[in-house]
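The next block holds one structure in the form of structure tokens; read it before the comments.
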Amino acid sequence: MNRIIDINSVEDILPVYRNTPISLLLEYHNLGREFGTYSQAELLVGMCMDNRKKLNIPHNFTYIIRSGGGNLRHSEFKVSYAIAVGKVKYIAVIAHNNCGMVNLHLREDLFINGLVERAGWDRAMAIKHFRYFAPKFEIENEIDFVLAEAKRLRECYPKIMVAPLFYNVDTNKICLIHED
């Protein structure tokens, strides 16, 4: 079964997300909906720091936390702040294809050499750094990761709607993901 749901019309948006800021995110980004005016964020987006992704959304519409793979572990305080102080009730966690955090272990030499050559690090320190942090941030596959991250966030914040989404860097479109 294809787990990706392309969003080419409002009807493609799952009913659970319609009439929510998650639907608006999809409508603004994919469908060219005319921007509304916002004085306060309605949504928190967790997405990868990858430079190939840019959201087409209005000003003040969302808080955004960018981290490798869209991984919000180690960002719980920021998430809690957006909920408690910023009053958001919706979270979109966005993974994307061709993510550098997938099979991160295969980039160990590139990572270490880059720190040594470009940052002036000692090789032993660069190795230690990679081997300590890589297991915390490596993801096996984008879809499974974002589904697990959405589930984890729902357990942490049971009153918050969390949507796992997928950004296709080839089409610059955001898709929904079928959940089992």
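The values are calculated or read from the model by the stated rules, or taken from the named source; none is laboratory data. As the structure is a computational prediction, the values presented were derived from the model and not from experiment. Virtual Cβ from ideal backbone geometry, glycine too; neighbours counted across all protein chains shown. For the accessible areas, the whole protein counts, side chains as well, though only heavy atoms, and no ligand, DNA or RNA atoms are used. Shrake-Rupley method; radii C 1.70, N 1.55, O 1.52, S 1.80 Å.
For this structure, a couple of remarks:
- Subset of the range 123-135 that is surrounded by fewer than 11 Cβ atoms within 10 Å (Cβ to Cβ) and of a type outside the set (Gly, Ala, Ser) - its residue that is farthest from ILE177 (Cα to Cα): TYR132
- Residues that are among the small types (Gly, Ala, Ser) and touching a Cys at 6+ places or on another chain (Cβ under 9 Å) do not occur anywhere in the range 27-46.
- Residue count for the range 135-180 under the criterion of being touching a His at 6+ places or on another chain (Cβ under 6 Å) and over 14 Å from GLY46 (Cα atoms): the result is 1.
- For the range 1-46, the tally of residues that are in a loop (DSSP other than H, G, I, E, B) and open to solvent by less than 50 Å² (accessible area, probe 1.4 Å) stands at 7.
- Residues of the range 75-94 that are of a type in the set (A, V, I, L, M, F, W, C), within 15 Å of the chain's Cα centre (by Cα) and either open to solvent by 30 Å² or more (accessible area, probe 1.4 Å) or more than 15 Å from ILE22 (Cβ to Cβ) (or both): VAL79 alone.
- Taking the range 70-90 as the range and being outside any helix (DSSP H, G or I), closer than 27 Å to GLU138 by Cβ and of a type outside the set (A, V, I, L, M) as the test, the residues that pass are ASN71, ARG73, HIS74, SER75.
- All conditions in (1) modelled with pLDDT of 95 or more; (2) over 23 Å from ILE4 (Cα atoms) hold for ILE94, with the sole exception of (2).
- Within the range 55-69, tally of residues that are modelled with pLDDT under 90 and open to solvent by 10 Å² or more (accessible area, probe 1.4 Å): 1
- Counted residues, the range 47-69 - those being touching a strand residue (DSSP E or B) at 6+ places or on another chain (Cβ under 9 Å) and part of a loop (DSSP other than H, G, I, E, B): 9
- Considering LEU106, LEU115, LEU72, the condition of being buried (at least 16 other Cβ atoms within 10 Å of the Cβ) and out of contact with any strand residue (DSSP E or B) (no Cβ under 7 Å at 6 or more places or on another chain) is satisfied by LEU115 alone.
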